[in-house]
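A.B. asks: Here it is: the structure, laid out below.
All of the numbers you see were taken from the coordinates with simple rules; none came from a lab. This structure is a prediction, so every number in the text was calculated from the model and none was measured. Neighbour counts are summed over all protein chains in view; Cβ atoms, including those assigned to glycine, are modelled from backbone coordinates with ideal geometry.
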Amino acid sequence: MQARFVPVAALLCTTLAAQAQDAPATRGRPIVLHAARLFDVASGRIVAPGEVLVEGERITAAGAAVAHPAGAETIDLGDTTLMPGLIDAHVHLFLHPGTAEDLQTVEESVPQRTIQAMLAAKADLMAGYTAERDMGTEGAGSADTALMRAIDAGLIPGPRLRISGNAIDILGGHEDANDFNPAQHVLSNADYANSAEQIVATIREQHKQGSTFVKMYETGPDTMVYGELTGKPTVAGDPGFWRFHTPYQYTEAQLQAGVEEAARLGTNVGVHAQGEPGTLYAAQAGVASIDHATQLSDETMRLMKAKHIPAVPTFLVFEYFADHAPSPEAARREHAMLEYKIHEFHRQVAAGIPFAVGSDVGPFPHGTQAREFELLVKYGLTPLAVLRADYLNGAQILRWQGQIGQLKAGYYADVIAVPGNPLQDISAVERVAFVMKDGVVVRR
Ligand SMILES: [Zn+2]
């Protein structure tokens, strides 16, 4: 029975791919985007004025002035700054606010969650995000494959996506249904893998179902424990009694098995890793990014610099949980976590490790996550460093290096316009006024 359906599926994929490559009707003549300014990622400078020539799905020229071919449509965006489309290296399109994260995956069907994910993808795109890495469907399996293919085929609006299907987790790990009645057999939000062999088998299954990278949980549950003084103080003003606690899930060798299998398939591994020794194992194994990255030892940071492995701090989700805790006790714990994270981030900035920008959006509303840029500046990076982290390191870990993240000939025509100068006021990226993806205007 399976064999009978293969040709049909293959035909469908071919048709979708052909549609994606054909220029849609809206992509007829060349377009010149004109604005008061343009952000040049490579030089780190604002160019004035700014122009981008778009032909088909690609940029063919960019700078202060470009050729205006005969018949080109000029779009004057006035007093704005042209920038590459934003990259979010850590999203959850299959999560939405309103219901507790662990409960929505239990109560809502996969079809219902897929419709929510379509709305999320559109909201993110309209906010200026033209590329995203979806860090796990959290129990919706490979539904992200359908979402990604529908976007690529131009059937629905959304960012270009890297997807992982369900993430990979251990039995009783970070994503398992640990707090439910065992007799109900509530499913994990991720796929189980408890050994190197199982990691490889799970990656192959997810790949078969359409995943384009691998997400693994390396630490968890991650929490702050209030108790006796066990080391040096970690949180100012509450000396010594808050302790960060985060068990590792996989050994370095097990993570390495995942990294090697991902490489065999031409892709990479992103990990949820909040603290030691899990963050060290992840850096040793050579993952593509270390997400959340709350606690990094000197040796871990040395390896991240040497191997150019970005940390993805995801401050916004920590801020959200601290401000929306279900009880005063939880609020104290979440605020202690945020304070500890900020404290550690200062060390990471001083150490000069690479960063990428990811928000962990999903628990809070899609389309609002550009505040992450503002938080990274608030806690110690310059606006230029944050923008470069987003565009250059984001393109690297999404494996679209040389394709996205710059306004440059040959790159995809993913372009946004923001009011003001983002190097002077980073919050400009929260007020996106124009979005083009793949050479098609999607918001004006
Ligand atoms: Zn996440």
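A.B. asks: Efficiency by 1/(1 + (r/R0)^6): what FRET value for ALA325 and ILE115, r their Cβ-Cβ distance, R0 = 25 Å, to the nearest 0.05? Spell out each step's value before the answer.
C.D. replies: Values: r = 29 Å, r/R0 = 1.16.
Efficiency computed from Cβ-Cβ geometry: 0.30.
A.B. asks: What does a probe at LYS208 reach in the stretch 132-165, counting residues whose amide N is under 18 Å from the point 7 Å along Cα→Cβ?
C.D. replies: Within reach of a label on LYS208, which here means backbone N under 18 Å from a point 7 Å along Cα→Cβ, the stretch 132-165 contributes 141-146, 164-165.
A.B. asks: Using label points projected 7 Å from each Cα along Cα→Cβ, tell me how many nm separate ARG443 and ALA48, to one decimal.
C.D. replies: 2.5
A.B. asks: Right, another one. Considering only C-alpha atoms, what is the centroid distance from the stretch 343-362 to the stretch 375-426, in Å?
C.D. replies: 15
A.B. asks: Given the chain, what percent of its DSSP beta bridges are antiparallel, to the nearest 5?
C.D. replies: On the way: 30 of 59 bridges.
The antiparallel proportion sits near 50 percent.
A.B. asks: Express in nm, to one decimal, how much length is gained between GLU107 and GLN184 on full extension, taking 0.36 nm for each residue of separation and deducting their alpha carbon distance.
C.D. replies: Values: separation 77, 0.36 × 77 = 27.72 nm, distance 1.32 nm.
Gain in length upon complete extension: 26.4 nm.
A.B. asks: Can you show me the helix-derived [θ] at 222 nm for the chain, built from DSSP H runs with n ≥ 4 at -39,500 (n - 2.57) apiece and divided by the number of residues, rounded to the nearest 500. Mind showing how you got there, number by number?
C.D. replies: On the way: 13 runs with 149 residues, N = 444.
Helices in the chain give a 222 nm mean residue ellipticity of -10500 deg cm²/dmol.
A.B. asks: If I stretch the segment between ALA201 and SER427 completely, what's the gain in nm (0.36 nm per residue apart, minus their alpha carbon distance), one decimal? Provide the component values of the computation, followed by the final result.
C.D. replies: Working: separation 226, 0.36 × 226 = 81.36 nm, distance 4.36 nm.
Full-extension gain reported as 77.0 nm.
A.B. asks: How far is the Cα center of the stretch 108-183 from the Cα center of the stretch 31-65, in Å?
C.D. replies: Here the answer is 33 Å between Cα centres.
A.B. asks: Related question: Check VAL41: other-chain or 5+ apart residues with amide H under 5 Å from its amide H, H built from backbone geometry?
C.D. replies: LEU407
A.B. asks: Once amide H atoms are built 1.01 Å from N in the peptide plane, which residues 5 or more positions from VAL442, or in another chain, come under 5 Å H to H?
C.D. replies: Placed amide hydrogens put VAL435, MET436, LYS437 under 5 Å from VAL442.
A.B. asks: Per 0.36 nm of contour for each residue apart, how much would the distance between GLU299 and THR251 grow if the chain were fully extended, relative to their Cα-Cα spacing?
C.D. replies: Numbers: separation 48, 0.36 × 48 = 17.28 nm, distance 1.66 nm.
Working it through step by step, the gained length comes to 15.6 nm.
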